[in-house]
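J.: Pasting a structure below so you can have a look.
Taken together, the values in this text are just the output of simple stated rules run on the coordinates, not laboratory data. If you're wondering where the values come from, they're calculated on a predicted model, not measured in any experiment. When we count neighbours, we look across all protein chains shown, and the Cβ atoms used for this are built from the backbone with ideal geometry, even at glycine.
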Amino acid sequence: MMEENVPMDGNAAMGRLRDLFAVDLSNATVTCETCDREGPLAELLFYGGPVGIVLRCPACDAVNLRFLDTGRALNLDVRGLKRVRVGRTGA
Amino acid sequence: MIEAGRRLEWLNARVIEVRVENFQVKTIVSEASGWTDHAAGQHVDIRLTAPDGYQAQRSYSIANAPGDGQRVGITVQRVDNGEVSPFLLDELRVGDTIELRGPIGGYFTWEPGDGGPLLLLAGGSGVVPLMCMLRARAKAGDLTPVTLLYSSRSDRHIIYREELDRLAAAGDGFTLVHTLTHERPERWIGETGLIDRPMLERHGPDRGANPQSFVCGPTPFVEAIANHLVALGYPGDRIKTERFGPSGDVK
């Protein structure tokens, strides 16, 4: 498909996810359902297309999150994650 | 840091400057009405709409220092079969309007006062968010010790070369080290070859000082260096990474 030198990890997904979430999730700690790796959402591997994004675990490559914007609806699939932890400001 | 929920609206931004950085890289500065200030390392989403309605969207690191009014700078590297970069580099003119939204992201960020010492490791166009940190530091008069180890294919590929030299000449605690991976020009006084553990040991700050590391570049670069840093005893929770590279298919 296309190639661009742009961010290719969770950092690149934050704008899209802000269509759905009220806060920036870069620092959210996520736990992979498959391998239990725990780390910031920003570190997940990014695969993006025109309408959707997929974030994969950097340790085991399992799909952690899918996000699809059809124009009419935003679709979120986080079956690949065991847990998402969002710290409060200053906490 | 979690910021209060503010909906990110698409803003119209008028291009006010297009600057050639090297043979394949330009910086595009636009003025976005409604832009709120950013932190160094944050991103902006750029959206292009074709006449037939087809839209392409990319995330770019913000290049200009914070506190720059409504100006947003991005530095774009040419990718020949790219969908967005050829338009930004070849078609876009001063006075044109693009759509953008941001600032985005709170992970790969540094602000004056966050402390250090800082070790910045750049591969190719991965230098962009790190340059933003250096600009923010210089603008604030921040004296945090910082080392940039910057890997480029050749000296033609170096981005921001003159500005980096100027910043390094200020003598305010910024140390600049270039390495070239594919050639060694005559009279080259920098490093050559890939960044490896001995090179990191030669130039990195004392691990005992609890340095903060930011690594940005292509995925193999980021993975190799993060592993080196951990092996050398750098605190793992103080190593932040951002992968730049070709955007691929959803797999």
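J.: Tell me the net charge near residue B:159. Cut-off is 15 Å between Cβ atoms, residue B:159 excluded, with +1 for each Lys or Arg and -1 for each Asp or Glu.
T.: Result for the local shell: +3.
J.: Just want to confirm a number: the relative contact order over the stretch B:118-244, from Cα pairs under 8 angstrom separated by 6+ residues, in percent.
T.: 29
J.: Loop only by DSSP, 14 or fewer other Cβ within 10 Å of the Cβ. Give me the trypsin sites (Lys or Arg not before Pro) in the stretch B:135-181 that pass, ordered by residue number.
T.: Here the sparse-neighbourhood loop sites are B:153.
J.: Counting helices only, and only those DSSP H runs with n ≥ 4, report the 222 nm mean residue ellipticity of the protein assembly as shown as the sum of -39,500 (n - 2.57) divided by its residues, in deg cm²/dmol to the nearest 500.
T.: Using -39500 (n - 2.57) per qualifying helix, the result is -4000 deg cm²/dmol.
J.: What is the stretch A:11-63's relative contact order, in percent, from Cα pairs under 8 angstrom and six or more apart in sequence?
T.: Value for the stretch A:11-63: 26 percent.
J.: Would you tell me the mean number of C-beta atoms belonging to other protein chains that fall within 10 Å of each C-beta in B:149-161, as a whole number?
T.: Mean shielding count: 0.
J.: Just add up the charged neighbours of residue B:199: K/R +1, D/E -1, any other residue whose Cβ is under 15 Å from the Cβ of residue B:199.
T.: Summing Lys/Arg as +1 and Asp/Glu as -1 gives 0.
J.: A further question on this structure: Express the relative contact order of chain B as a whole percentage, based on alpha carbon pairs under 8 Å and six or more residues apart in sequence.
T.: Here the relative contact order equals 18 percent.
J.: Net charge near residue B:113: determine it from the other residues with C-beta under 11 Å of the C-beta of residue B:113, scoring Lys and Arg +1 and Asp and Glu -1.
T.: Spelling it out: positives minus negatives among the neighbours equals -2.
J.: When you look at the Cβ of every residue in B:58-66, what mean number of other chain Cβ atoms sits within 10 Å?
T.: Per-residue shielding by partner chains comes out at 3.
J.: Looking at the stretch A:17-91, which trypsin sites (Lys or Arg not before Pro) are in a loop (DSSP not H, G, I, E or B) and have at most 12 other Cβ atoms within 10 Å?
T.: In loop regions of the stretch A:17-91 (DSSP not H, G, I, E or B), the sparsely surrounded trypsin sites (Lys or Arg not before Pro) are A:72, A:79, A:88.
J.: Could you tell me which of rounded, prolate or oblate describes the stretch B:138-221, using a ≥ b ≥ c as the square roots of the eigenvalues of the alpha-carbon gyration tensor, with rounded for a/c under 1.5 and, failing that, prolate when a/b is larger than b/c and oblate otherwise?
T.: Taking the square roots of the gyration eigenvalues as a ≥ b ≥ c, the stretch B:138-221 is oblate.
J.: Within 10 Å, count the other beta carbons around each residue, average over each peptide in B:226-232, B:93-99, and list them highest first.
T.: B:226-232, B:93-99
J.: Mind checking A:21-33 for the average number of partner chain beta-carbons within 10 Å of each residue's beta-carbon?
T.: Average per residue, whole number: 4.
J.: Highest mean first, what order results for B:178-187, B:10-19 on Cβ atoms within 10 Å?
T.: Taking the mean over residues of other Cβ atoms within 10 Å, the ranking is B:10-19, B:178-187.
J.: Using a Gaussian network model on chain B with a 10 Å cutoff between Cα atoms, which of B:56, B:224, B:138 fluctuates the most?
T.: Highest fluctuation of the listed residues: B:56.
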